[in-house]
Amino acid sequence: MFLYLETLSIFEFIRQKMRYFETRFLEEADAFMATLDFKSVKKILYNIDSAEQTNDPKLLKKLQNDIWEFRTQYAGLQFRLLAF
């Protein structure tokens with residue numbers, strides 16, 4: 001059992017370190033996020049973190065050329081952030 005847990009923790013460490021891209025927020029994105037409630041921000045940040053680690057097209061969609069869209073649905077609302 002101990003070896004399994006040790007292996008799992010090493011796997012999680014590797015998974016956490018593997019990122020396909022890094023997200024940096026512009027001032028406008030920070031200002032927008034500041035207007036949202038805490039749970040919405042938490043969900044958006046969770047989805048961004050997941051997209052960085054998994055490269056999932058459901059979380060990050062290419063719109064055209066170098067324009068991408070993060071989309072998060074929470075509490076009946078859809079939040080969209082553009083990425084460049």
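Numbers below:
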{"item": "Rough spin-label spacing in nm, given labels placed 7 Å along Cα→Cβ, for residue 80 and residue 56", "result": "2.0 nm"}
{"item": "Cα→Cβ-extended label distance, 7 Å offset, between residue 31 and residue 18, nm", "result": "3.9 nm"}
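FYI, it's all coordinate maths here, none of it is from the lab. Please read all numbers here as calculations on a predicted model, not as lab measurements. So basically every Cβ, Gly included, is an ideal-geometry build from the backbone, and we count neighbours across all protein chains shown.
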